[in-house]
Amino acid sequence: SAGAAQNCTGCVLCSEDNGCVTCHHRLFLLIRRDGIRQHGVCVHTCPPGYFGVRGLEVNRCTKCRSPSCESCFSRDFCMKCKEKFYLHKGQCFRQCPPGTAARPGARECQ
């Protein structure tokens, strides 16, 4: 079906049920969960809330651990927080920790 082929862009290996299983070496495999089903897509850059991990077998998009993190460098190190949160030492806070203050015009504590 055309729908299946549509979802297989950038895939080296693709299954109708699970989408991409393997991507071309420059792309990242992003697994989207839909209830109990998983669906893989190949992307050039990982979406917000994920970071790319290059591996020998497969490059994959890994979810940032904190749900308040918009982009992370690694699973536990946030680089940009979602709206309403402040970034401090790789973590997101509702308000800046004691002894720190928000940088003017930035959602970052210093």
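The values are calculated or read from the model by the stated rules, or taken from the named source; none is laboratory data. Only a predicted model underlies this, so the values are computations on that prediction, with no experimental measurement involved. All Cβ positions, glycine included, derive from the backbone under ideal geometry; neighbour counts span all protein chains shown. These area figures cover heavy atoms from the full protein model, side chains too; ligands, DNA and RNA do not enter into them. Shrake-Rupley method; radii C 1.70, N 1.55, O 1.52, S 1.80 Å.
Would you mind working out the magnitude of the charge dipole of segment 67-109 relative to its Cα centre, with +1 at each Lys and Arg C-beta and -1 at each Asp and Glu C-beta, to the nearest 20 Debye?
Details: 8 positive and 4 negative charges, 10 e Å.
Roughly 40 debye, rounded to the nearest 20.
Calculated from DSSP H runs of 4 or more alone, at -39500 (n - 2.57) each and per residue, what is the 222 nm mean residue ellipticity of the chain, nearest 500?
On the way: 1 runs with 5 residues, N = 110.
Calculated at 222 nm, the ellipticity per residue is -1000 deg cm²/dmol.
Would you work out the charge dipole size for the chain about its Cα centre, treating the Cβ of every Lys and Arg as +1 and the Cβ of every Asp and Glu as -1, and quote it to the nearest 20 debye? Intermediate results must be reported in sequence, preceding the final value.
Working: 16 positive and 8 negative charges, 94 e Å.
Using only the charged Cβ atoms, the result is roughly 440 debye.
Over segment 67-109, calculate the relative contact order: mean separation of alpha carbon pairs under 8 Å at least 6 apart, over the residue count, as a percent. Before the final figure, lay out each step's value.
Details: 71 pairs, mean separation 12.1, N = 43.
Worked out over segment 67-109, it gives 28 percent.
Could you state how much accessible area PHE93 has, in square angstrom rounded to the nearest 10, with a 1.4 Å probe and all protein chains kept in place?
Estimated to the nearest 10 Å², PHE93 gives 70 Å².
Given a 1.4 angstrom probe, what's the average accessible area per residue across segment 7-107, in square angstrom? Write down the numbers at each step before the final one.
Details: 7060 Å² over 101 residues.
Accessible area per residue: 70 Å².
For the chain, set up a Gaussian network in which alpha carbons nearer than 10 Å are linked by springs, and say which option among THR100, THR62, THR45 fluctuates the most.
Highest fluctuation among the options: THR100.
At a probe size of 1.4 Å, how large is the accessible area of SER66, to the nearest 10 Å²?
40 Å²
Taking only Cα atoms and a 10 Å spring cutoff, compute GNM fluctuations for the chain and point out the largest among ARG32, ARG60, ARG75.
Answer for the Gaussian network model of the chain: ARG32.
Choose one of ILE31, GLY55, GLN91: the residue whose Cα lies farthest towards the positive end of the charge dipole of the chain (beta-carbon charges +1 Lys, Arg; -1 Asp, Glu; about the Cα centre).
Toward the positive end, the furthest listed residue is GLN91.
Go through segment 52-62 residue by residue and turn each phi into a ³J(HN,Hα) via Karplus (6.51, -1.76, 1.60, θ = phi - 60°); whole Hz please, and just put x for glycine and proline.
Here the 3J(HN,Hα) series is x, 10, 8, x, 5, 7, 8, 8, 10, 8, 10 Hz.
Run the accessible area of segment 9-110 with a 1.4 Å probe and give the carbon-and-sulfur part as a rounded percent. List each step's numbers first, then the result.
Details: 3850 of 7160 Å².
After summing per-atom areas, the C and S share lands at 54 percent.
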